[in-house]
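What follows is one structure encoded as structure tokens, with my remarks underneath.
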Amino acid sequence: MNASREHLLWMYETMMLIRRYEETMAQVYLEGKLPPAIQRGLAFDIGSGPVPGEMHLAAGQEPVAVGVCAHLRKDDTVVGTHRPHHFAIAKGVDLKAMTAEIFGKETGLGHGKGGHMHLFDPEHKFSCSGIVGASLPPACGAALAAKKRGRDQVAVAFFGEGAANQGAFHEALNLAALWRLPVLFVCEDNKYAISVEKSESTAVPWNADRAAAYGIPGVLVDHNDALAVYEAAGAAIARARRGEGPSLLEVRTDRYFGHFQGDPEVYRPKGEVEELRRHDPIPALAAHLRRENLLDEAAEQEIEQRVAARVREAFEFARTSPYPKPEDALRHVFH
Ligand SMILES: Cc1ncc(C[n+]2csc(CCOP(=O)(O)OP(=O)(O)O)c2C)c(N)n1
Ligand SMILES: [Mg+2]
């Protein structure tokens, strides 16, 4: 499946937006967490600063999000993970409302009650959660709803290679296969589940091979490339829309930051990140676009500026938004 000019440029700009967003978040996240915390005898105070709590960033994993979401419509469902920003951005979630949510502000997607791992956007049919493996069952539910209504919507569950050893993975694949649900399961293999290497947790080299146990197609994209993901995801999503059932797609991708911000990364071989960054998928796509005469220096600069402005506006909006009022603590929650 050849990507259209429109899709190629969208993928490039969205990868840039994700990368700049994550880099900015990495900086902002540290505000208030280091020097004053050290004075209080702590190395890293996770609770202070404008972005309290854990932070999992997805720089390096952009190809997975854009290669899949390029094929999705607004009325398709995406369920993400504890590392959700790249998926949310690629699905079209509003950057300001998402950032405000991460800052715990009233103007956030969930009025500041969810935070970075719990971004819910019914308009764009996006959700995620901090529970590893929890993306697959709800995606089956959305796919079942679409099927019962006779619509051609699809659902996508993203999850890490660590999550592929959770029971929910196997239960979801089995049921989706049995009921021929219009769902795509996308495994992001970034080699690690926190500090545990895939080879230390998983009996087979490739999770894509596990699809055979459920009688569905399993496809491996063994390099971190947006066009390869686009091609594989396009075929699987078209298949699901035609009513031919689910597929499993596994992508070998790279995580440039730690598991969480503040992760000392002692489990990484020395120089690993530098080596991974030498195969950065964003310049690789830019080079392809230049060869196709779809991008030149001026256009690249324009994209860089547009992306920077969007990121700046989103963080500014989040910073200047009010916190929820204490008397609203029990609004919008189950009780
Ligand atoms: C059910 C459950 N078990 C354990 C955890 C703790 N935990 C958070 S992230 C993570 C590793 C996830 O690895 P992977 O699925 O590969 O995703 P990645 O972090 O690499 O994106 C674990 C074990 C959790 N959040 N939920
Ligand atoms: Mg992983």
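Stretch residue 323-residue 10 to full length: gain in nm at 0.36 nm per residue minus the Cα-Cα span?
Taking 0.36 nm per residue and subtracting the Cα distance, the gain is 109.3 nm.
Sorting 9, 184 on the 10 Å Cβ count, fewest up front, what's the list?
Sorted ascending by nearby Cβ count, the order is 9, 184.
Give me the extension gain from residue 213 to residue 260: residue separation times 0.36 nm, minus the current Cα-Cα distance, reported in nm with one decimal.
Between residue 213 and residue 260, full extension yields 13.6 nm more.
Taking every DSSP beta bridge that has both residues in the chain, what percent is antiparallel when rounded to the nearest 5?
About 10 percent, rounded to the nearest 5.
Given a Förster distance of 35 Å, report the FRET efficiency between residue 238 and residue 267 from their Cβ-Cβ distance, rounded to the nearest 0.05.
So the FRET efficiency works out to roughly 0.35.
For 311, 229, what ranking results if the residue with the fewest other Cβ atoms within 10 Å of its Cβ goes first? Could you put the intermediate results ahead of the total?
Details: 311 22, 229 27.
Result, fewest neighbours first: 311, 229.
Please work out the Cα center distance from the stretch 244-297 to the stretch 184-211, rounded to the nearest Å.
16 Å
What number in nm² do you get for the stretch 1-124 if you take the convex hull of its Cα atoms and divide its surface by four?
Numbers: hull surface 32.1 nm².
Quarter of the Cα hull surface area: 8.0 nm².
Can you pull the three principal axis extents for the Cα set of the chain, in Å, largest first?
That gives 57, 54, 39 Å along the principal axes, largest extent first.
Give me 76, 222 ranked fewest to most by other Cβ atoms within 10 Å of their Cβ, as a rough exposure proxy. Display every interim value, and only then the final one.
On the way: 76 26, 222 12.
Taking fewest neighbouring Cβ atoms as first place, the list is 222, 76.
By how many nm would the segment from residue 106 to residue 31 grow when fully extended, if each residue of separation counts as 0.36 nm and the alpha-carbon distance is taken off?
Numbers: separation 75, 0.36 × 75 = 27.00 nm, distance 2.05 nm.
Gain on stretching residue 106 to residue 31: 25.0 nm.
What ranking, highest mean first, results for peptides 54-63, 233-242 when packing means the other Cβ atoms within 10 Å averaged over each residue?
Going from most to least packed, we get 54-63, 233-242.
Since every read-out is calculated from the coordinates, none of them should be taken as a lab result. Bear in mind that the values here come from a model prediction, so they are computed numbers and not experimental data. Note that we place each Cβ from the backbone using ideal geometry, even for glycine, and neighbour counts take in every protein chain shown.
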